[in-house]
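The block underneath contains the structure these notes are about, expressed in structure tokens.
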Amino acid sequence: MWRRTLPVLVLLAGLQVAAALAQGTALPGSTAPPQVVVEIQEVVESAVARFHAMDEAGLLAMVSAQYRTDTLTKAGIADQLRTVFTLHDQVRARVRIDAVRMVGEHAWVYSTGQVTGRLRVVGSWIPVASWERELEIARRENGRWRLYGYQR
């Protein structure tokens, strides 16, 4: 369940990317231009900072109103963020971008990361989510990169 909260942070939704990268299978699309990679990295850094600040509205502003990955929508992401922020008094995220590919106008962002949270009642840190080479798709909307999801 928490695994899909991170798409919000980082532009994150899996398509067997780990197998493709490990086997050297070609990823779809073409390598993103360096400027796009820099822009995506800036968005990820901003999302991580907003996550650490537990800024639900700021994070949701980075998600397209049309977001969909399987059954997960922007409203579902909002519910997950509220739950994480309610259960924890502090959260941390580490995200590494593994690859950015352009498929048409969409940026396919593959990332690896981990989220931990400090439980409010207990005060101890616990893992919330982790992922390796997961895919999330972003697109430009009004000049900004926003999560769009893997829509079929």
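Where a number appears in this text, it was derived from the coordinates with a stated rule and is not lab data. Since the model is a prediction, treat every value here as computed from it, not as a measurement. Every residue, glycine among them, receives a Cβ derived from its backbone with ideal geometry; neighbour counts consider all protein chains shown.
With a Förster radius of 30 Å applied to the beta-carbon distance between His52 and Thr73, the computed FRET efficiency rounds to 0.75. Computed over the stretch 27-152, the percent of Cα pairs more than 22 Å apart is 35.
Across the stretch 71-80, coupling constants 3J(HN,Hα) worked out from phi with the 6.51/-1.76/1.60 Karplus curve, θ = phi - 60°, read 9, 7, 10, 4, 4, x, 4, 4, 4, 5 Hz, and Gly and Pro carry x.
Here the label points at Ala26 and Met102, each 7 Å from Cα along the C-beta direction, are separated by 1.7 nm in the simple model.
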